[in-house]
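The values are calculated or read from the model by the stated rules, or taken from the named source; none is laboratory data. Computed from a predicted model, the values in this text were never measured in an experiment. Positions of Cβ are generated from backbone atoms using ideal geometry, with glycine treated the same way; all protein chains shown enter the neighbour counts.
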Amino acid sequence: MRTNTKILVTGGAGNIGSSLVKSLIKDPSCFVMVVDNLTTGDAKNLPTNNIDNYSFIECDVNNRSEIEPVMKDEKFDVVFHYAAMVGVERTQSNPLGVLKDIDGIKNILELSLETNVRRVFYSSSSEVYGEPVHMPQEEITTPLNSRLPYAIIKNVGESFFKIYGKEHGLEYTIFRFFNTYGSSQSNDFVVPRFINKALKNEDICIYGDGSQSRTFLHISDNIEFTLKVFYNNAFINSTINVGHDKEITILELANAVIKCTGSNSKIKFIDPLKEGDMRRRRPNITRMMKLYNRNLVNIEEGISQIINEK
């Protein structure tokens, strides 16, 4: 990238967004602005020091009147659009709020065209795959099976980015994130929820019988891979799975947390979620690993890192 690259990160107070920001500002050739309405993000995740190449504006990207002056005044080179309503229970209980994220997607794309942004990155999700049809889940051959509001909006967002790329030549990259966890993540997500319960020796509650499985990518791998894509101009006008390929059950995850924390917590099985708890997740990460080309953090190492950072 050329020097003095101006970067906008929407949703930059969230788990992935804030970690990306902290890495980007280490590069003095980058100026990074964060916008976040702090609905699901947390200001404590943001850099606290007086940093010359960083600034933050509390702003709702779903409201054009708020984001338009920011983008037109700053004239960004690159945008990472990570702002979204997240969390299974939150998105399930507020589907109309999830739908508003379409406005944010449209605002970012329209304003990126108007202000000559060179490239936009979109944080999509493994949720677009819905219940698995093929395993592992591949970017091209696995059908998208979106049913829930959050998954549907992510799928719609992908379509918007692809159409703007095709019709207007706006370069994009779509990241399909698979369960990225880290110390900045809220208790809306399973790994920090289990760790916090274990550290207090409280019961760890699992929906159903715990046989539902996921893969878990540590935030450090997510960010290092993203930076490789960014600095190498990789995966232009492409969709890429970003995740781990080691599949474990939620029961195995709970036991790993108990082991790593040395906790006396007991596992308690509760009624399954009515919707939103898909049976399996496992991405094909062949394309990701050709660029990343290093070992991924395993779940025990990742859990231990989070515990050490508390």
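Among residues of the stretch 221-240 that are more than 21 Å from residue 182 (Cβ to Cβ), those with a beta-carbon under 6 Å from a residue that is in a helix (DSSP H, G or I) and at pLDDT 95 or above at least six positions away or on a different chain give the pairs 234/291; 235/229; 237/165. Do we find that residue 187 is part of a loop (DSSP other than H, G, I, E, B), free of Cβ contacts under 8 Å to residues at least 40 places away in the same chain, surrounded by fewer than 18 Cβ atoms within 10 Å (Cβ to Cβ) and outside the structural domain of residue 167 (by TED's automatic domain parsing) in this structure? Yes.
Against the definition (closer than 19 Å to residue 241 by Cβ, touching a His at 6+ places or on another chain (Cβ under 7 Å), assigned by TED's automatic domain parsing to the domain that holds residue 100 and part of a strand (DSSP E or B)), how does residue 172 come out, yes or no? No, not satisfied. Residues considered: 231, 207. Of these, the only one that is surrounded by fewer than 20 Cβ atoms within 10 Å (Cβ to Cβ) and over 22 Å from residue 126 (Cβ atoms) is 231. The single residue among 109, 113 that is touching a residue at least 40 places away in the same chain (Cβ under 8 Å), surrounded by fewer than 16 Cβ atoms within 10 Å (Cβ to Cβ), hydrophobic (A, V, I, L, M, F, W, C) and assigned by TED's automatic domain parsing to the domain that holds residue 168 turns out to be 113. With respect to (1) within 23 Å of residue 153 (Cα to Cα); (2) modelled with pLDDT of 95 or more; (3) touching a helix residue (DSSP H, G or I) at 6+ places or on another chain (Cβ under 8 Å), the lone exception for residue 66 is condition (3).
May I ask you to say which residue of 258, 236 is outside any helix (DSSP H, G or I), in contact with a Ser or Thr (Cβ under 7 Å, 6 or more places away or on another chain), of a type in the set (A, V, I, L, M) and at pLDDT 95 or above?
None of the others qualify; the one that does is 236.
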